[in-house]
Amino acid sequence: MNLDKIDLKILRILQEDGRKSFREIGRELRISEGTVRARIKKMKENGIINGFHISVNPHKLGKDVVAILGLYLKPSEVKKTLEILKSYDEITQLYQTTGEYDAVCVAVLEDMEELGRFLSEKIYPLVNVNGCKVTLVLSILKDGHKIPI
């Protein structure tokens, strides 16, 4: 799907505020509500828009530990292991990578004790994980999913 200037403007607006109504977007861009609705529908159908999400502060929910895990995986079982990792609620982001690690993930947990349990009960027992390096996040300076458009 080729995106025109209007599509890109709609995406920018939604990245700023995913709750804006079709009517508000239409007013801002001086196009009809129906046009906005149709364009968003088409972008959803084409996989350009994957969903509408809110941003939650983990610390306000008692989740005080954010850990970045660099994982070394057995090459023959990467896909299978990634599927298992995707199923863990504690993991909020998961990436298959090149470089030092085969995968990198972000885990959000209540405290260090929960991190220890998570590692010992869910990560280390995976036979396809050859190793794991954990980095603790001291502070979140920027956390967003906006794509430069």
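Inspect segment 66-75 for any residue being assigned by TED's automatic domain parsing to the domain that holds residue 107, over 22 Å from the mean Cα position of the chain (by Cα), assigned to a helix (DSSP H, G or I) and not basic (Lys, Arg) and give the result as yes or no. Explain how you work it out, then say what you get.
Residues of segment 66-75 assigned by TED's automatic domain parsing to the domain that holds residue 107: 66-75.
Of the ones still in play, those that are also over 22 Å from the mean Cα position of the chain (by Cα) are 74-75.
With assigned to a helix (DSSP H, G or I) added as a condition, the list becomes 75.
If we keep only those that are not basic (Lys, Arg) too, we end up with 75.
Yes, segment 66-75 has at least one match.
Can you tell me which residue in segment 83-94 is surrounded by the most Cβ atoms within 10 Å (Cβ to Cβ), limited to those that are touching a helix residue (DSSP H, G or I) at 6+ places or on another chain (Cβ under 7 Å) and touching a residue at least 24 places away in the same chain (Cβ under 8 Å)? It would help to see each step written out before you state the result.
Applying the first criterion (touching a helix residue (DSSP H, G or I) at 6+ places or on another chain (Cβ under 7 Å)) to segment 83-94 yields 88, 90-91, 94.
Now restrict to residues that are touching a residue at least 24 places away in the same chain (Cβ under 8 Å): 88, 90.
Values: 88: 14, 90: 20.
Here the residue is 90.
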## Note on the structure
Subset of segment 25-82, residues in contact (Cβ under 8 Å) with a residue 40 or more places away in the chain and farther than 30 Å from residue 129 by Cβ, comes to 42, 43, 46, 48
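Take segment 14-39 and flag every residue that is under 18 Å from residue 146 (Cβ atoms), surrounded by 14 or more Cβ atoms within 10 Å (Cβ to Cβ) and out of contact with any Leu (no Cβ under 8 Å at 6 or more places or on another chain). Steps first, answer last, please.
Residues of segment 14-39 under 18 Å from residue 146 (Cβ atoms): 14-20, 25, 28.
Okay, now just the ones that are also surrounded by 14 or more Cβ atoms within 10 Å (Cβ to Cβ), so 14-15, 20, 25.
Answer for segment 14-39, where residues must be under 18 Å from residue 146 (Cβ atoms), surrounded by 14 or more Cβ atoms within 10 Å (Cβ to Cβ) and out of contact with any Leu (no Cβ under 8 Å at 6 or more places or on another chain): 14, 15.
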### Query
Of all residues in segment 95-104, which are without any contact (Cβ under 8 Å) to a residue 12 or more places away in the chain and part of a loop (DSSP other than H, G, I, E, B)?
97, 98, 99
## Note on the structure
Across (1) surrounded by 16 or more Cβ atoms within 10 Å (Cβ to Cβ); (2) in contact with a Pro (Cβ under 9 Å, 6 or more places away or on another chain); (3) under 30 Å from residue 1 (Cα atoms), residue 108 clears everything bar (3)
## Note on the structure
Taking segment 26-59 and keeping residues among the charged types (D, E, K, R) and in a loop (DSSP other than H, G, I, E, B) leaves 30
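Restricting to segment 105-125, name every residue that is in a helix (DSSP H, G or I) and of a type outside the set (Val, Ile, Thr). Before you say what the answer is, go through the steps one by one.
The initial filter retains those residues of segment 105-125 that are in a helix (DSSP H, G or I), namely 112-123.
Scanning segment 105-125 gives 112, 113, 114, 115, 116, 117, 118, 119, 120, 121, 122.
Which one of these is surrounded by 10 or more Cβ atoms within 10 Å (Cβ to Cβ) and among the charged types (D, E, K, R): 100, 114?
Working: 100 fails: surrounded by 10 or more Cβ atoms within 10 Å (Cβ to Cβ).
Answer to the check: 114.
Just the residues that are of a type in the set (S, T, N, Q) and at pLDDT below 95, please, taken from segment 69-121.
First, pick out the residues of segment 69-121 that are of a type in the set (S, T, N, Q): 76, 81, 87, 92-93, 96-98, 120.
Answer for segment 69-121, where residues must be of a type in the set (S, T, N, Q) and at pLDDT below 95: just 76.
The values are calculated or read from the model by the stated rules, or taken from the named source; none is laboratory data. Owing to the predicted nature of the structure, the values given are computational and were not obtained by experimental measurement. Note that we place each Cβ from the backbone using ideal geometry, even for glycine, and neighbour counts take in every protein chain shown.
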